[in-house]
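K.L.:
Take a look at the following structure, please.
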Amino acid sequence: MKQLVILYRYFNLLSIDVVCGSIAGMYLFAHLLRTPLNYETYFLLALVVWLIYTLDHLVDAKNAKNNPSTARHAFHLKYSKTLWGMIFLAFLSIISLLIFCDSLHVLIFPGVLVAVSITFFLLISQFCIKKLSFLKEFIIAIGYVVGISLAPIVTYKTYLPQEAYYIAGLYFLVAYINLLMLSYADRKSDQKDGFVAITQWLDNVSLKGLITGVSVVGFLFAIGLLISFRSYFHIYTSILLLILMFHIWLFFVKSKPIYQIRMLTEASFMLPAMLLLF
C-alpha cells in the first residue's frame, strides 16, 4: 500500500491524475450526449492538458523567489530539462494528431478559439488589469469545463439538451471550488514564492467565506437539478454532487496535509469513469 501511495504521489507531481480526471470529465459529457469519441480524441485531450499543466508548473518553478517552497515546483525545477523535452514531444504529437487524424479536424477551429480566448482573459487579468487577477481561478474553471466538453459538443449532431448546460454549470462550480480550495491550501507557499493568486486579494476569512458560499450554491444547485431533471440525467448530477461533497468534507471536516488535499481532490475528478459500468 505504501508503494502505491508513493507511486501515486509521482503521478500527482507529473499532473497525470489531472489528465485522468479531464479524460473522465470528457467521457461524462460524451456519455451524457451519447456521442462516442475515438481514442485519438481522448489522447489529444490528455496531451493538451498535460502540456498546459506542466508548462505552467515549469514557468512557476523558474519564476519562484529563491528556491520553490512546494514539492511540485521543486520537482519541476530539478527535472526541468527532461520535462521541457517531454513538452516538445507532446507538442509535436498534438500537431501530428491534428494534421493526420481526419476525425480531429473539426476540433481545430473551436479548440484554437477557446485557447486564444482563455489565454487572452488570463493575460489581461494577470498583467494588464491586475485588479482583475482575483478572477484567475474563475477563468481557469471555465476553460477547464469548456475544454473537456468541447469534443462531445462539437460532434453532437443536433441542438444540445437543456440539461447539458445545467450539468456544465454544476461542473464549473465544482472545478471552481477545487481551485479555490487549492489556493487556500497553498496561500503560504504562493506568498513565499511570489505567485499571483486570489489570496493576494482576499484574506483567509474572506476566502473561506467565498468557498463556503460557492459550496452552498453548488450543493443547492445540484439538489435542484436532481429534483427537476428527468431520471436519465440523475447519474451525471449525482457524480458531480459526490465530487462536491468530497471537497466539502476535505475542506470543512477532515484536516490533512496540503499535498494530500491536492492528491485527493484531483483523484475525485476521476469519478466520472464510473460511467464505464453503465
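K.L.:
Kindly provide the set of residues from segment 195-204 that are surrounded by fewer than 18 Cβ atoms within 10 Å (Cβ to Cβ), over 20 Å from the mean Cα position of the chain (by Cα) and among the aliphatic types (A, V, I, L, M), ordered by number.
P.N.:
none
K.L.:
Pull out all pairs, ordered by first then second residue, where Cβ-Cβ is under 6 Å, the residues are six or more apart or on different chains, the first lies in segment 93-116 and is on the phi < 0 side of the Ramachandran plot and free of Cβ contacts under 8 Å to residues at least 60 places away in the same chain, and the second is exposed (fewer than 12 other Cβ atoms within 10 Å of the Cβ) and in a helix (DSSP H, G or I).
P.N.:
Partner pairs satisfying both residue conditions: L98/I108.
K.L.:
Then there's this: For segment 13-55, which residues satisfy the criterion of being farther than 23 Å from L240 by Cα, among the polar types (S, T, N, Q) and not in a helix (DSSP H, G or I)?
P.N.:
Result: N38, single match.
K.L.:
Would you tally the residues in segment 56-90 being assigned to a helix (DSSP H, G or I), more than 21 Å from R262 (Cα to Cα) and more than 21 Å from the chain's Cα centre (by Cα)?
P.N.:
Number satisfying all stated conditions: 9.
K.L.:
Considering only segment 99-118, I want to know if a residue exists there that is among the β-branched types (V, I, T), at pLDDT below 95 and more than 20 Å from M26 (Cβ to Cβ).
P.N.:
yes
K.L.:
Does I239 qualify as being in contact with a His (Cβ under 7 Å, 6 or more places away or on another chain), within 26 Å of H31 (Cβ to Cβ) and part of a helix (DSSP H, G or I)? Walk me through it before giving the result.
P.N.:
Values: in contact with a His (Cβ under 7 Å, 6 or more places away or on another chain): no; within 26 Å of H31 (Cβ to Cβ): yes; part of a helix (DSSP H, G or I): yes.
No: the conditions fail for I239.
K.L.:
I need the full set of residues from segment 253-275 which are within 22 Å of L180 (Cα to Cα), in a helix (DSSP H, G or I) and in contact (Cβ under 8 Å) with a residue 12 or more places away in the chain, in order please.
P.N.:
Once the filter is applied, which keeps residues that are within 22 Å of L180 (Cα to Cα), in a helix (DSSP H, G or I) and in contact (Cβ under 8 Å) with a residue 12 or more places away in the chain, segment 253-275 yields I258, Y259, I261, R262, M263, L264, T265, E266, A267, S268, L271, P272.
K.L.:
Search segment 213-235 for residues being within 17 Å of Y184 (Cβ to Cβ) and without any contact (Cβ under 8 Å) to a residue 40 or more places away in the chain, and hand back the single one that is surrounded by the most Cβ atoms within 10 Å (Cβ to Cβ).
P.N.:
Residue satisfying both the conditions and the ranking: S215.
K.L.:
Can we say L207 is buried (at least 17 other Cβ atoms within 10 Å of the Cβ) and at pLDDT 85 or above?
P.N.:
Details: buried (at least 17 other Cβ atoms within 10 Å of the Cβ): yes; at pLDDT 85 or above: yes.
Yes, satisfied.
K.L.:
If you check L180 against the conditions, is it closer than 24 Å to L51 by Cα, modelled with pLDDT under 80 and part of a helix (DSSP H, G or I)?
P.N.:
Details: closer than 24 Å to L51 by Cα: yes; modelled with pLDDT under 80: no; part of a helix (DSSP H, G or I): yes.
So L180 does not fit the description; no.
K.L.:
Identify, please: which residue in segment 244-272 is of a type in the set (F, W, Y) and modelled with pLDDT of 90 or more and is, among those, surrounded by the most Cβ atoms within 10 Å (Cβ to Cβ)?
P.N.:
Among those that are of a type in the set (F, W, Y) and modelled with pLDDT of 90 or more, it is F269.
K.L.:
Inside segment 17-37, can you point out the residues that are closer than 25 Å to R230 by Cα and in contact (Cβ under 8 Å) with a residue 24 or more places away in the chain? Outline the logic, then answer.
P.N.:
Just the residues of segment 17-37 that are closer than 25 Å to R230 by Cα, to begin with: 24-37.
Those that are closer than 25 Å to R230 by Cα and in contact (Cβ under 8 Å) with a residue 24 or more places away in the chain: A24, G25, M26, Y27, L28, F29, A30, H31, L32, L33, T35, L37.
K.L.:
Let me ask something additional. Can you find, within segment 169-185, the residue that is surrounded by the most Cβ atoms within 10 Å (Cβ to Cβ) among those that are closer than 15 Å to D203 by Cβ and touching an Asp or Glu at 6+ places or on another chain (Cβ under 9 Å)?
P.N.:
Residue satisfying both the conditions and the ranking: L180.
The values are calculated or read from the model by the stated rules, or taken from the named source; none is laboratory data. On a predicted model such as this, the values are computed, not experimentally measured, just so you know. Methodologically, a virtual Cβ is constructed for each residue, glycine included, from the backbone with ideal geometry; neighbour enumeration extends over all protein chains shown.
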